[in-house]
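Let me begin by presenting the structure, written as structure tokens, before commenting on it.
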Amino acid sequence: MTRLDGTVALVTGASSGIGEATALALAEQGAAVAVAARRRDRLEALATRIGDAGGRALVLEADVTDPAQAADAVGRTVEELGRLDVLVNNAGVMLLGPATEAPFEEWQRMVDLNLTGLLACTHAALPHLRAAAQGERRCSDLVNVSSVAGRVARSGSGVYNATKFGVGAFSESLRQELSGEHVRVSLVEPGAVETELVTHNRPEVREGLAKRFGSMERLTSEDIADAVVYVVTRPWHVAVNEVLVRPTEQAY
């Protein structure tokens, strides 16, 4: 493991769940962490936890579905923390249920956050990641948090599948393009995780998900944060391109 002392990371969707756990884990490895999300109060509480543990955190209240706010979050990270070595595109929303019954607004929300937000942050970050890769660390990292839904399409999750398949395709293409510059592009694909992601669904969808997963021991946010840390702490010559993490009891 190569520690992250002297590096700067930006984590989107950091106000809860996987994003929050990832920000804490990166700070533990020595990175200064910019935390971005819409809920400022939660970000400030997270920054306090990082600071109390001896780390450094920058609070960025931002809606990354707005490309201008996404670019501003990246710009402020570099301006206030001095550089950008790691971008974790974690912000996302999962709205499931039959496509024939879903309001179009749900489809649009998923496309706006899962794809447009990720693309906007990536576009703004790339010049800084490319520059950081030429430094002493000899690499930089772009980690896109996708889902097992980016591998397996299921009835009732068509648009969510579409966004996550898109994240996977974009990540692989960009990986090929940037590999010679030592910008490591990685995809982390969680299975069932115990987070608030499910609570954004309509009540009947939540009921169906509860039946589907039953008493299964789901992953924790810390499990996924651990995977992200593993990816970004490899020596410069080692690129972990894809990590699929499921609960032991999850068949598909």
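The values are calculated or read from the model by the stated rules, or taken from the named source; none is laboratory data. No experiment lies behind these values; they were computed from the predicted model shown. Positions of Cβ are backbone-derived with ideal geometry, glycine not excepted, and every protein chain shown enters the neighbour counts.
Conditions first: (1) at pLDDT 95 or above; (2) among the β-branched types (Val, Ile, Thr); (3) surrounded by fewer than 20 Cβ atoms within 10 Å (Cβ to Cβ). Thr7 passes all but one, so which condition is the exception?
(3)
Output the helices (runs of 4 or more DSSP H) that fall wholly within the range 110-214 and possess 3 or more residues being at pLDDT 95 or above, crowded, with 20+ Cβ neighbours inside 10 Å and touching a Ser or Thr at 6+ places or on another chain (Cβ under 9 Å), or say none. Walk me through it before giving the result.
Numbers: elements: 118-132, 158-178, 203-213.
The helices (runs of 4 or more DSSP H) meeting that bar are 118-132, 158-178.
Considering every residue within the range 1-13, establish whether at least one is closer than 21 Å to Thr195 by Cα and either among the basic types (Lys, Arg) or free of Cβ contacts under 8 Å to residues at least 40 places away in the same chain (or both). Break it down stepwise before answering.
As a first pass, look at the range 1-13 and keep what is closer than 21 Å to Thr195 by Cα: 10-13.
Then drop every residue that is not either among the basic types (Lys, Arg) or free of Cβ contacts under 8 Å to residues at least 40 places away in the same chain (or both), which leaves none.
Checked against the condition, which is being closer than 21 Å to Thr195 by Cα and either among the basic types (Lys, Arg) or free of Cβ contacts under 8 Å to residues at least 40 places away in the same chain (or both), the range 1-13 yields no hits at all.
Got at least one residue in the range 29-44 being out of contact with any strand residue (DSSP E or B) (no Cβ under 6 Å at 6 or more places or on another chain) and free of Cβ contacts under 8 Å to residues at least 24 places away in the same chain?
Yes.
Just to be sure, is Leu46 out of contact with any Phe, Trp or Tyr (no Cβ under 6 Å at 6 or more places or on another chain) and either farther than 30 Å from Asn161 by Cα or at pLDDT below 95 (or both)?
Numbers: out of contact with any Phe, Trp or Tyr (no Cβ under 6 Å at 6 or more places or on another chain): yes; either farther than 30 Å from Asn161 by Cα or at pLDDT below 95 (or both): yes.
For Leu46, the condition - out of contact with any Phe, Trp or Tyr (no Cβ under 6 Å at 6 or more places or on another chain) and either farther than 30 Å from Asn161 by Cα or at pLDDT below 95 (or both) - is met.
Of all residues in the range 215-228 being at pLDDT 95 or above and surrounded by fewer than 19 Cβ atoms within 10 Å (Cβ to Cβ), which is farthest from Val143 (Cα to Cα)?
Thr220
Residue by residue, here is whether (1) over 22 Å from Ala70 (Cα atoms); (2) without any contact (Cβ under 8 Å) to a residue 60 or more places away in the chain; (3) touching a Cys at 6+ places or on another chain (Cβ under 8 Å) holds:
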| site | (1), (2), (3) |
| --- | --- |
| Gln108 | no, yes, no |
| Ala131 | no, yes, no |
| Val152 | yes, no, no |
| Gly156 | yes, no, no |
| His182 | yes, yes, yes |
| Glu194 | yes, yes, no |
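I need the full set of residues from the range 45-89 which are polar (S, T, N, Q), without any contact (Cβ under 8 Å) to a residue 12 or more places away in the chain and farther than 21 Å from Ala225 by Cα, in order please. Don't jump to the end; show me each part of the working.
Our first condition is that a residue be polar (S, T, N, Q); within the range 45-89, this holds for 48, 65, 69, 77, 89.
Narrowing the set further to residues that are without any contact (Cβ under 8 Å) to a residue 12 or more places away in the chain leaves 48, 69.
Within the range 45-89, Gln69 is the sole residue that qualifies.
Give the residue, chosen from Thr65, Thr48, Thr12, that is surrounded by fewer than 20 Cβ atoms within 10 Å (Cβ to Cβ) and of a type in the set (Val, Ile, Thr).
Numbers: Thr65 fails: surrounded by fewer than 20 Cβ atoms within 10 Å (Cβ to Cβ); Thr12 fails: surrounded by fewer than 20 Cβ atoms within 10 Å (Cβ to Cβ).
The match here is Thr48.
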